[in-house]
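Quick notes on the structure that follows.
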Amino acid sequence: MLALPEHRLFVHRIAEAWAGGSEAPSQPEGTLWRGSWAGMCARKVAYMTTEQEKTDPPSTADYWRMGLGSVVHELLEPAVQQWLDDDESVHVEEEVNVKLGEWGHGHVDLVLNSMETGEKIVLELKTINGFGYKMAVERGEGPRHSHVLQGSMYARAVEADLLVIGYLAMENISPQRAESFGLDDIGRFACEWHYPKDIYMPLAVMEEQRLEGIVLQAHDQEYGGPKSIPRRFAHSDPDIPFPTEIDDPRTGAWRDGTSFGKAWQCRYCDYQTRCISDLE
């Protein structure tokens, strides 16, 4: 029999302890934004860089979802080390801190240097839920645009020849579906996309400039602080045409001429209530 919430004995204690130990990393001194903010709504960037209080903080369930990704990364560390011990063709730097623009900071997963060709490669690994993986692979949507922008800035920071975005799914595609999409066994849960310098460099430059401009304006009270920043996504976002703004942060609704849609990010925003109140 399924226990009602008030009758649970153990799982809620474990979950709450997990959430209580999940804190966002502090912003390094002398910086105003993070590479992980790539592709983020400009208004949310403004709230974050000025350290506004979250009106809709992550729930215990949210911390559980986000924490699973960190667990997967930790479990992969021995496997990465084993690969490096067995492969003398590459020299790898792990967890590389980089400066982004004038005020940004980033944390690169892996920087690989080929001992044979001299090529430098940035590998940005992401864990993703099963639905997101299927959208990326089965529907051919590729990685999320925010992940590409983040990786592009990291690749530019270390002057890489190639950017690789790797996805690791937390749920396998069935063997039958994998076969129908031409995927091998590894492709059921892991895949990667390659971006040479001529592709990633323009994206990196544009996103760095966007984030730098947002944070500087947000900190300048003469411009009105965070409220002066439009609810707008990245210039190159494939889903929301720039410079379209979010009309209603309750639903994420936007309209651009005859085109319209909803930004799913608004439903999960830590500042949704604040953003709605700033409409008034």
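Things worth noting here:
- Subset of the range 49-61 that is without any contact (Cβ under 8 Å) to a residue 60 or more places away in the chain and not in a loop (DSSP other than H, G, I, E, B) - its residue that is surrounded by the most Cβ atoms within 10 Å (Cβ to Cβ): T60
- Hey, K126 more than 13 Å from the chain's Cα centre (by Cα) and on the phi < 0 side of the Ramachandran plot or not: no
- Among (1) surrounded by fewer than 15 Cβ atoms within 10 Å (Cβ to Cβ); (2) in contact with a Ser or Thr (Cβ under 7 Å, 6 or more places away or on another chain); (3) over 26 Å from C266 (Cβ atoms) - the single one D85 does not satisfy: (2)
- Tally of residues being charged (D, E, K, R) and either over 13 Å from E93 (Cα atoms) or outside any strand (DSSP E or B) (or both) across the range 107-121: 2
- Search result, residues across the range 225-239 that are under 13 Å from A42 (Cα atoms) and part of a loop (DSSP other than H, G, I, E, B): I229, P230, R231, F233, A234, H235, D237
- When N97 is tested against the conditions (1) modelled with pLDDT under 90; (2) touching a His at 6+ places or on another chain (Cβ under 9 Å); (3) under 30 Å from E29 (Cβ atoms), the lone failure is (1).
- The condition of being exposed (fewer than 14 other Cβ atoms within 10 Å of the Cβ) and aliphatic (A, V, I, L, M) holds for only one of V137, V71, V98, that being V71.
- Residue selected from the range 249-270 under the condition in a strand (DSSP E or B) and without any contact (Cβ under 8 Å) to a residue 12 or more places away in the chain, by the criterion nearest to G132 (Cα to Cα): K262
- Selection within the range 9-35 - farther than 18 Å from E102 by Cβ, surrounded by 12 or more Cβ atoms within 10 Å (Cβ to Cβ) and modelled with pLDDT of 75 or more: none
- Subset of the range 271-280 [free of Cβ contacts under 8 Å to residues at least 40 places away in the same chain and surrounded by 13 or more Cβ atoms within 10 Å (Cβ to Cβ)]: I276
- From the options E222, E212, residue that is assigned to a helix (DSSP H, G or I) and loosely packed, with under 14 Cβ neighbours inside 10 Å: E222
Here's the yes/no breakdown for (1) more than 30 Å from Q217 (Cα to Cα); (2) touching a residue at least 60 places away in the same chain (Cβ under 8 Å); (3) assigned to a strand (DSSP E or B); (4) within 14 Å of the chain's Cα centre (by Cα):
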position	(1), (2), (3), (4)
F131	yes, no, no, no
G140	yes, no, no, no
L149	no, yes, no, yes
G166	yes, no, yes, yes
E179	yes, no, no, no
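The values are calculated or read from the model by the stated rules, or taken from the named source; none is laboratory data. Please read all numbers here as calculations on a predicted model, not as lab measurements. Because the Cβ atoms are built from the backbone with ideal geometry, glycine has one as well, and the counts that use them run over all protein chains shown.
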